[in-house]
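Inspection log for the structure reproduced underneath, given as structure tokens.
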Amino acid sequence: MTSTNGPSPADFQNDQMHPHGSEKASGSGGGRSEQYQSESIGREPGQLARGLNPRRMPEPPPATVSPGMALSSAASEPRGSTRPGVPPDFSRMRGPATQGARPQGSAPPIQPTAKRGQRATVSTQGEENNGETQEEEAWLDRLLLGAPPWLISAIVHSVLLLILALLILPPLRRTTVELETVWAESLGEQLEVDTFLAGTGHELEQEPVLTPEDLLPVEDPFAAPPDVPVTAYAGTHATSLTEAPQIGLALAGREEGMKKALLAAYGGTATTEAAVMRGLQWLARQQARDGSWSLCGPYSNGVRPDWENKVAATAMALIAFQGAGMTHRRGQFRPHVERGWKWLLSQQDENGNFFSEGPFNHRFYTNGLCGIALCEIYGMTRDETFREPAERLIRYLVESQSPEGGWRYSPQADSDLSVTGWVLMALQSARMAGLNPPGDTFRKIERFLDRVALDGGARYSYQRGDEPTPAMTAEGLLCRQYLGWARNDPRLLQGVAYLTQPENLIDYQNPNVYYWYYATQVCHHMEGEAWRKWNERMRQAVPAHQVTSGPEAGSWDPMKPFPDTWAEHGGRLYVTCLSIYMLEVYYRHLPLYTNVFTLLGAEAQNPR
């Protein structure tokens with residue numbers, strides 16, 4: 001029996017859930033239910049929870065709801081109007097007769113029972129989820145409202161400190177700087193080894209070493225040192241049965257330790273050395289199966305077939321390998337050198353002559369080249385296999401010298417400076433190896449040079465009566481240097497000044513590798529300003545014109561950018577070999593006028 005003046009259990013629940021507590025709106029209890037429903041439907045989840053004041057909300061008394069009340073909404077809801085998650089509008093359940101207060105003493109109306117299959121629940125799954133979300137947000141609100149101020153301040157300051165640390169600490173981290181050296185040079189701006197051996201400091205400048213007048217003449221100034229017997233002292237010094245190679249003084253620069261020191265001292269760079277290596281690799285690819293090389297091919301731009309000379313081509317290739325320190329015993333190209341020498345030695349006749357094919361004017365060019373290669377390999381290795389062939393060839397050359405003092409196309413006929421220069425270098429290489437050609441042979445060469453000299457010996461011509469040329473002047477001056485002219489000889493100084501004039505420096509608009517090869521050696525022996533001017537141009541221009549791609553990579557094209565003076569006669573192999581010789585000049589032969597062992601110090605005397 002419910003009280004006639006008090007609220008019903010349903011009204012009490014509506015008041016308890018109302019945001020204004022137990023305050024009643026104007027009108028009946030049905031009005032309060034309608035106001036609650038409209039406010040709750042219009043709010044987002046969580047807004048209702050935030051509108052409640054948990055401190056003012058009274059604990060709701062336990063309420064009992066009859067089964068009939070639970071079904072009232074479902075019975076009065078129009079079909080198809082129920083929306084999941086949205087509470088039904090209870091105001092629609094009451095007709096006009098129920099808008100006011102229920103008559104005193106009347107019993108609640110009997111609600112119809114829901115039919116089978118009809119929705120009969122007010123609280124849906126969506127309402128349950130919304131209720132859980134509202135409870136979580138209400139708990140979070142209570143937590144934040146109840147947190148002490150110092151805790152919030154600590155959190156804010158921690159975040160600020162973290163941001164400042166991210167801004168300040170990265171610059172303090174240790175960074176690693178990687179440097180890449182690029183050997184891309186421009187004329188006059190070379191990237192060289194920065195070392196005290198480079199000879200760029202004023203403290204290393206030396207006056208020219210002049211030969212004292214009171215020294216006794218020696219027979220072979222470039223001969224290798226004599227053999228010194230090894231003596232064991234009471235078994236305290238270990239010895240080896242392997243004979244150490246004794247290299248003549250002028251060939252010592254090809255040893256690995258000396259090679260590096262001389263490159264630094266005389267202006268060689270990584271660019272020049274890389275070009276040498278690429279050139280040797282190209283030569284290695286051109287070697288025939290029998291060990292020989294050819295002036296015709298298999299590469300492009302070789303000579304025509306009737307000018308073929310395999311002996312001369314093989315000798316030129318071997319000189320290039322040996323100039324870089326490669327022999328049949330050591331080095332990256334040891335197998336190529338070994339096969340090349342096996343074939344070349346088989347071409348020598350019993351008189352010592354190597355020439356057997358090619359144009360008639362190739363005879364002493366061929367023997368001069370073979371003499372250089374043969375004496376060098378013997379001086380570098382002391383392999384007795386080469387001693388007898390070298391002595392036989394030197395004897396043949398001496399016996400073929402013309403009365404005029406030089407050599408040309410036939411034995412004991414006439415002379416020209418071009419052929420004589422190659423033969424003199426073969427005889428000079430024999431001196432370096434300790435084979436001792438007769439001294440009278442060199443005196444005859446001096447007389448011939450006097451015959452082709454002009455301007456008092458400063459310039460030279462091909463034959464007597466011809467006009468002097470830069471190529472013959474360079475070859476003549478190199479012969480004079482090896483025959484004993486001092487570095488301060490006025491004739492030599494005048495001739496070198498002529499070679500280093502701007503119009504006579506290396507210029508690929510008018511290529512002439514024959515001239516450049518001889519002038520490079522002359523200026524290298526002179527050192528000083530002459531070598532600086534020549535080398536600055538050479539070490540830049542020569543590597544820059546090397547072929548860098550395709551099947552001919554590593555070679556020099558005899559036809560590009562303009563045809564070389566001797567392109568038709570020598571072809572690609574000839575131009576490539578002379579270009580390699582130029583870039584090996586830093587260590588191929590030691591300079592004539594400077595004691596490099598004093599200049600370079602202990603590193604040169606004890607190469608690593």
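Pick out the one residue from Leu573, Leu578 that is within 29 Å of the chain's Cα centre (by Cα), touching a residue at least 60 places away in the same chain (Cβ under 8 Å), assigned to a helix (DSSP H, G or I) and farther than 18 Å from Ser418 by Cβ.
Of Leu573, Leu578, the one residue that is within 29 Å of the chain's Cα centre (by Cα), touching a residue at least 60 places away in the same chain (Cβ under 8 Å), assigned to a helix (DSSP H, G or I) and farther than 18 Å from Ser418 by Cβ is Leu573.
Criterion first (under 28 Å from Asp450 (Cα atoms), surrounded by 18 or more Cβ atoms within 10 Å (Cβ to Cβ) and in contact with a Lys or Arg (Cβ under 8 Å, 6 or more places away or on another chain)) does Gly405 satisfy it?
The answer is yes for Gly405.
What do you reckon, is Asp450 assigned to a helix (DSSP H, G or I) and charged (D, E, K, R)?
yes
Do you know which of the residues in the range 357-378 that are in contact with a helix residue (DSSP H, G or I) (Cβ under 8 Å, 6 or more places away or on another chain) and of a type in the set (D, E, K, R) is nearest to Ser400 (Cα to Cα)?
Ranking the candidates gives Glu357 first.
In the range 497-535, which residues are loosely packed, with under 15 Cβ neighbours inside 10 Å, among the polar types (S, T, N, Q) and over 14 Å from Ala474 (Cβ atoms)?
Result: Gln509, Asn510.
I'd like to know if the range 316-328 contains one or more residues that are closer than 20 Å to Gly571 by Cβ, surrounded by fewer than 21 Cβ atoms within 10 Å (Cβ to Cβ) and in contact (Cβ under 8 Å) with a residue 12 or more places away in the chain.
No, the range 316-328 has no match at all.
For residues that are touching a Gly at 6+ places or on another chain (Cβ under 6 Å) and among the basic types (Lys, Arg), tally how many sit in the range 468-497.
Residues that pass the stated criteria total 1.
Here are the criteria: (1) within 30 Å of Trp282 (Cβ to Cβ); (2) surrounded by fewer than 19 Cβ atoms within 10 Å (Cβ to Cβ). Tell me which single one Ala486 does not satisfy.
All conditions pass for Ala486, except number (1).
Name every residue in the range 270-309 that is closer than 18 Å to His569 by Cβ, open to solvent by 20 Å² or more (accessible area, probe 1.4 Å) and in contact with an Asp or Glu (Cβ under 7 Å, 6 or more places away or on another chain), in order of residue number.
Selection gives Cys296, Ser300, Asn301, Glu308.
Considering the range 348-368 alone, what residues qualify as being assigned to a helix (DSSP H, G or I), polar (S, T, N, Q) and open to solvent by 20 Å² or more (accessible area, probe 1.4 Å)?
Residue satisfying the conditions is Asn361 alone.
Between a residue in the range 351-379 that is among the charged types (D, E, K, R) and any residue that is crowded, with 20+ Cβ neighbours inside 10 Å and part of a helix (DSSP H, G or I), which pairs come within a Cβ distance under 8 Å, given they are 6 or more apart or on different chains?
Glu357/Lys310; Glu357/Val311; Glu376/Leu251; Glu376/Ile319; Glu376/Gln322; Glu376/Ser429; Glu376/Met432
The values are calculated or read from the model by the stated rules, or taken from the named source; none is laboratory data. Note that this is a predicted model, so its numbers are computed, not measured. Positions of Cβ are generated from backbone atoms using ideal geometry, with glycine treated the same way; all protein chains shown enter the neighbour counts. In case anyone asks, the SASA skips ligands and DNA or RNA and just uses the protein heavy atoms, side chains included. Shrake-Rupley method; radii C 1.70, N 1.55, O 1.52, S 1.80 Å.
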